[in-house]
Structure formats: structure tokens, C-alpha cells
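J.: The structure is given below, and queries will be raised subsequently.
The values are calculated or read from the model by the stated rules, or taken from the named source; none is laboratory data. As the structure is a prediction and not an experimental result, all values here were calculated from the model. Cβ coordinates were reconstructed from backbone atoms using ideal geometry, including for glycine residues, and neighbour counts include every protein chain displayed. These area figures cover heavy atoms from the full protein model, side chains too; ligands, DNA and RNA do not enter into them. Shrake-Rupley method; radii C 1.70, N 1.55, O 1.52, S 1.80 Å.
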Amino acid sequence: MTEIDRTAVEGLLTALEQAYRRKSWHGATLRGALSRVDPPMAAWRPAKGRPNIWEIAVHAAYWKHNVWRRVSHDEVPGFPLDGSDWFPRPENGVDTKAWKRDLQILKTMHEGLLGAVSELTDADLATIPARGTTTVEDLVRGVAFHDVHHGGQVQLLKRLYAAQSP
């Protein structure tokens, strides 16, 4: 299949994967940026009131879930954490098990979103989900952009963390 033969849905699936985990020209994916981040680095905050890497990862997971729920034709399980948008992290001190759990939530939300998008037709992309104002296509593309944006933030926070360490 050539690029010209690709459906719009296939293009969106490619964008989601290139933003999250598949090699792309733009540099680190979100998953790539999060690799080799240990819990102390994930929990480090550049300044009071600013998000840390851990919170960015869970925030990205939340929005993948939010869009998954909006575009899915099937029942979607609830988000596994209480709250919405930004989740204070770490909850109870720096904990490797909790960091790995939250990274797994991100992966699970990404895979759920991919599954929902793969079931869409190109005609579905122009629809606006109930109680929404944005097309399905823009929601899905937005999640890919969101991952690229936050992947860049994670890369910057990793550099700032390394610069402040003795």
C-alpha cells in the first residue's frame, strides 16, 4: 500500500503510533521520552506548582482515555484513577511500583484508543460526538499532537533534572 492508498483512519493510526511509540522523524516519542526515567526523576518538580514528568504521563493517559471514550462505538471502562486532567504525583512518596503502574495505565489507554480508532470508518471522522463541538478526526489528531507536545516537555524536564543534580 502506498501513502496515496492509505485511508484517513490509517493515517490517524500512524500519527498516534508515531507520536507515542513508533520511530518518527521528529525525535523522541512520548514513550521514548519516558523510557529510562526513574521514579525520583519522574517525581522531580522544576518549580513549585509546575507539573513533573509523572504528572505529565498520567495527564496524557487521561486524555487518551477521554478521546477513546468519545470516539468509541463500544462501552469503555472508566479511567482507573479518581479525578480528571491533572493528577498530583507521586501520591505517597517516590515508589517504583506506583510509577510502573502509572506507565502501564498510559500504555493501556493508548492501546484502547488505537483499538477504537481502528474500528472507525473514514465517514465517522467527520462526525461530532454527543455533547461535543469537535470532530472525531480532530479529537484523534489532537491526541497525537498532545503526545508530541508532552514528549518534548518530558525531554526538557529530563535535561533540567540532570543539570540540577550534583
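J.: In debye to the nearest 20, how big a dipole does the chain give about its Cα centre with +1 on each Lys and Arg Cβ and -1 on each Asp and Glu Cβ?
T.: Its charge dipole is roughly 940 debye.
J.: Taking a cut-off of 12 Å, what percent of all Cα-Cα pairs in the stretch 69-126 are separated by more than that?
T.: Summing the P(r) tail past 12 Å for the stretch 69-126 gives 74 percent.
J.: Another one. Helix-only mean residue ellipticity at 222 nm, the chain, DSSP H runs n ≥ 4 weighted -39,500 (n - 2.57), per residue, nearest 500. What is it?
T.: -18500 deg cm²/dmol
J.: At 15 angstrom or more along the helix axis (alpha-carbon based) and mean Kyte-Doolittle of 0.0 or higher, what helices does the chain contain? Whole DSSP H runs only.
T.: 8-20
J.: If I take R0 = 30 Å and measure r between the Cβ atoms of Arg36 and Glu119 in this structure, what FRET efficiency does the formula 1/(1 + (r/R0)^6) give, to the nearest 0.05?
T.: For R0 = 30 Å, the calculated efficiency reads 0.35.
J.: Give me the mean projected area, in nm² to one decimal, of the convex hull enclosing the Cα positions of the chain.
T.: 10.9 nm²
J.: Which percent of the accessible heavy-atom area of the chain goes to carbon and sulfur, probe 1.4 angstrom?
T.: Percent of accessible area from carbon and sulfur atoms in the chain: 53.
J.: Run the count for the chain, please: Lys pairs, Cα-Cα under 24 angstrom, 8 or more apart or on different chains.
T.: Value for the chain: 13.
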